[in-house]
Amino acid sequence: RLSITRVLAAMKGKPAASADGAVHFEGGKPPSAPHKDDPTHLDPHAPDGSDLKPSKCTDPICLVFFLAFLGGMVYIMKFALENGEPRRLTHGYDYAGNLCGVTPGYEETPLLYWCGKGLVMNGVPSDLNLKAPICVPHCPGEGEIHIMPCLGEAEVKVNLTGEAPYITKTSVVVQSVVPQNSYPTLEIGGLYCLPNPNDAKNLTEKMMGPDGPMGSWPAQAAAAVGGLRRCYMVIIGSLIFAIFMGYAYLLLLRLFAEPLVKIALAILTLGTLLFSVYLLAGEVLSRTGQADMLASWQASNMLFQEYEASTAQLYSTIAGVIVFVLFIVIVCVLCVANEAIMTAIGCIEAACECLFTMPSMLIQPLVEAAWKLFIASVLLYGLFWLVSTGEMATKAINYKGYEVGGLRRSFTFTREGKIMLAYYLFGYFWLMEITNAMSQFVVSYSVVLWYYTEKPKGFGPHFPLCKGFFIGAFYHLGTLAFGSFLIATCRFIRAVLLFIARQSKASGNKVMELLASCCFYCITCVQKFLEQINKNAYIDVAISSNSFITAARNSFSFMVSEAGTVMLLTGACWVFSFTGILLIAGTTGFLTQILVVSNERWTSPTSPHHVANPQFVAAVTAILAGMVATCFMVVFDHTADTLLYTFVWNKTHGHNTVQKFATDTLVQITGYKPKSTRGSDGEEGGGGGGGLFSSVVNFFGGTSPKKNTAGSSEERKALMQGH
């Protein structure tokens with residue numbers, strides 16, 4: 001029960017004072033965020049309406065755990081470097097199981113060569129001894145004849161001993177190494193010597209044709225890689241063009257955000273409807289008996305390539321119903337969330353303004369791409385070494401009744417080896433997620449600093465990326481490790497479930513395959529939810545220096561209270577990002593192909609820069625351009641999310657200070673108005689700022705030492721009733 005003095009003080013929105021003049025709060029300490037009637041909340045001249053806190057070390061226990069885990073990764077890497085050999089994964093082996101270029105005594109013979117057999121015409125054999133390849137120092141070319149130590153045909157010698165009827169029959173298989181003239185070959189990938197198609201077309205088709213043991217990829221890859229090397233300047237120029245397109249696309253968003261948002265949302269809505277109709281079409285066609293159209297639909301549906309017809313039909317129908325429900329939800333949200341749409345537009349425009357007014361933010365996509373590529377390369381390099389520590393067993397490929405040796409192998413691991421492999425795989429996921437988390441935190445911190453720079457902002461704060469990285473690495477690495485650990489756990493479980501599903505499918509265990517697939521998709525949903533929570537949690541950490549649990553709770557509260565705006569902003573940004581990536585990648589790849597096929601430098605067969613496969617060059621360039629565009633879109637998307645979160649935070653903690661910080665575009669498009677009076681019963685006065693962006697009592701609870709919620713209408717009623 002509260003005293004009358006405290007009740008009256010609570011009704012006035014102030015803490016109660018004791019007889020000695022001391023101020024008392026319930027629980028012994030003040031609540032954590034300013035109430036909307038707090039003078040600081042309404043004072044436009046408050047020194048800092050952001051309620052930003054000094055940086056402090058958060059989640060130190062998680063940091064210690066992460067550093068200990070990192071020590072285990074270093075130990076495993078050291079073990080792999082001392083005991084592994086990555087060439088065991090790629091190099092071929094001869095008929096005796098010796099790895100070419102790896103086994104002691106074979107270091108100078110790194111290439112695999114299949115000897116000929118049968119009749120020889122014009123120096124080319126009619127067939128190849130696929131079962132017994134040998135290791136050679138280099139591939140014999142056109143006009144070269146070398147003596148190869150090939151394994152001859154097996155001979156069976158029978159010896160009879162004893163006297164009739166007690167005769168012992170002994171069969172001995174004798175196979176000798178015999179000299180043989182070489183035939184013209186080409187070196188493929190620095191690993192294999194395959195028949196030269198100019199001299200031995202039939203043998204080339206047998207080895208590298210669509211039905212050959214090596215498929216058609218080696219010859220195509222060799223020609224394609226050669227084409228990439230010959231026109232590398234075109235690829236570099238195309239990637240520079242993709243970078244300029246990324247900046248131009250962001251500028252386009254800044255200038256025409258509103259019409260583009262509405263077009264994007266219309267495309268998203270219509271696309272969801274059409275996709276649901278496509279998934280449900282099979283059920284309609286099967287019921288109406290249209291066999292031809294049903295067969296065509298099944299051929300285009302990827303589910304029918306993974307599962308049986310009945311299972312794929314069921315999955316397609318379920319997915320169609322879910323997508324149609326999503327379409328209904330989107331339509332309902334669009335009908336009632338006009339204010340949220342305008343806020344999303346404001347955040348997108350403000351995000352573009354933020355990116356263009358902070359020069360360092362423009363290089364963030366390139367820095368992020370380079371950093372992630374470096375980390376992934378180091379981790380994959382270590383993974384190759386670790387896998388190569390297993391015990392290798394050679395296996396032959398069965399090709400049309402023939403055994404093809406030298407290519408296939410398998411590795412077995414001890415119990416300790418399996419533990420180290422699982423540990424390293426989880427560490428790979430965790431470290432990659434930490435790079436993502438650090439990137440998100442750096443962008444969040446930079447955007448928060450920019451937002452809380454008073455207008456006119458000019459070029460914003462100095463060196464925000466460096467400051468963000470320093471703060472993240474020295475104060476919040478434990479928090480970033482905590483959030484990344486959750487995502488990495490989901491990724492690791494998904495990888496295990498996917499492996500189980502594929503193994504079950506190969507063994508014909510349909511029940512286990514179905515269970516593993518269902519669990520896989522459930523974990524995927526959990527991962528997506530955690531990713532959204534983490535992204536907003538890192539923004540909260542940048543603002544208030546909270547621990548991960550508190551920041552995640554604030555993030556969840558934000559997502560619930562601003563669900564409409566968050567969903568619309570996420571949907572609009574996703575459409576923009578997807579459209580931007582597709583536009584930049586497609587345009588860059590198309591222009592690259594046009595440039596290559598229209599210039600004799602690359603089309604003439606006699607040119608030293610001849611490109612045999614311009615389509616492959618264009619495809620690789622498009623993929624690289626898409627990766628560049630993805631870095632731009634990720635930064636843009638997270639900048640918009642950070643601005644929305646910070647804008648709501650600013651309105652909640654210092655409403656009348658918003659006009660000092662928020663951009664004019666964001667203020668105008670959201671209809672923000674300062675509060676000049678206090679309404680009765682604790683409600684807002686002065687109009688404006690209502691709807692989705694009305695102040696939420698206890699919204700960011702537990703984050704600021706200034707909060708006083710005793711004056712809300714609900715608490716007044718509770719206090720008066722003695723609850």
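Points to keep in mind about this one:
- Residues of region 374-394 that are within 19 Å of Met73 (Cα to Cα) and open to solvent by 50 Å² or more (accessible area, probe 1.4 Å): Phe374, Ser377, Val378, Leu380, Tyr381, Phe384.
- Taken over region 225-246, the criterion of being at pLDDT 75 or above and surrounded by 14 or more Cβ atoms within 10 Å (Cβ to Cβ) is satisfied by Cys231, Val234, Ile235, Gly237, Ser238, Leu239, Phe241, Ala242, Ile243, Met245, Gly246.
- Among the residues of region 509-534, those identified as farther than 18 Å from Gly478 by Cβ, of a type outside the set (Phe, Trp, Tyr) and open to solvent by less than 50 Å² (accessible area, probe 1.4 Å) are Glu513, Ala516, Ser517, Ile523, Thr524, Gln527, Gln532.
- Selection status of Leu191, touching a helix residue (DSSP H, G or I) at 6+ places or on another chain (Cβ under 8 Å), closer than 20 Å to Glu107 by Cα and at pLDDT below 85: yes
- Matching residues in region 170-195 - criterion: being among the polar types (S, T, N, Q) and under 20 Å from Gly405 (Cβ atoms): Gln175, Ser176, Gln180, Ser182, Thr185
- Of all residues in region 515-541, those satisfying the criterion of being more than 30 Å from Thr646 (Cβ to Cβ) and touching a residue at least 12 places away in the same chain (Cβ under 8 Å) are Ala516, Ser517, Cys519, Phe520, Ile523.
- Among the residues of region 403-434, the one identified as open to solvent by less than 20 Å² (accessible area, probe 1.4 Å) and hydroxyl-bearing (Ser, Thr, Tyr) is Tyr424.
- Test result for Ser444, within 17 Å of the chain's Cα centre (by Cα), small (Gly, Ala, Ser) and buried (at least 19 other Cβ atoms within 10 Å of the Cβ): no
- Within region 646-683, tally of residues that are buried (at least 19 other Cβ atoms within 10 Å of the Cβ), out of contact with any helix residue (DSSP H, G or I) (no Cβ under 6 Å at 6 or more places or on another chain) and modelled with pLDDT under 50: 0
- Pair list, Cβ under 9 Å, 6 or more apart: region 184-197 residue within 16 Å of Asp127 (Cβ to Cβ), other residue open to solvent by 10 Å² or more (accessible area, probe 1.4 Å) and of a type in the set (Phe, Trp, Tyr): Thr185/Tyr192
- Taken over region 265-310, residues that are out of contact with any helix residue (DSSP H, G or I) (no Cβ under 8 Å at 6 or more places or on another chain), within 28 Å of Lys505 (Cβ to Cβ) and among the small types (Gly, Ala, Ser) amount to 6.
- Matching residues in region 253-279 - criterion: being touching a Gly at 6+ places or on another chain (Cβ under 9 Å) and either open to solvent by 50 Å² or more (accessible area, probe 1.4 Å) or at positive phi (or both): Phe275, Val277, Tyr278
- Region 452-505, residues that are hydroxyl-bearing (Ser, Thr, Tyr), open to solvent by 20 Å² or more (accessible area, probe 1.4 Å) and part of a helix (DSSP H, G or I): Thr489
- Region 162-187, subset open to solvent by less than 80 Å² (accessible area, probe 1.4 Å) and not in a strand (DSSP E or B), residue farthest from Pro133 (Cα to Cα): Pro184
- Any hit, region 470-484, residues being at pLDDT 90 or above and polar (S, T, N, Q): yes
- Any chance Phe304 is open to solvent by 90 Å² or more (accessible area, probe 1.4 Å) and closer than 27 Å to Leu514 by Cα: no
The values are calculated or read from the model by the stated rules, or taken from the named source; none is laboratory data. It should be emphasised that the depicted structure is a prediction, and the values quoted were computed from it without experimental measurement. No Cβ is skipped: glycine too gets one built from the backbone with ideal geometry, and neighbour counts run over all protein chains shown. All accessible areas refer to the heavy atoms of the entire protein, side chains included, with ligands and DNA or RNA removed. Shrake-Rupley method; radii C 1.70, N 1.55, O 1.52, S 1.80 Å.
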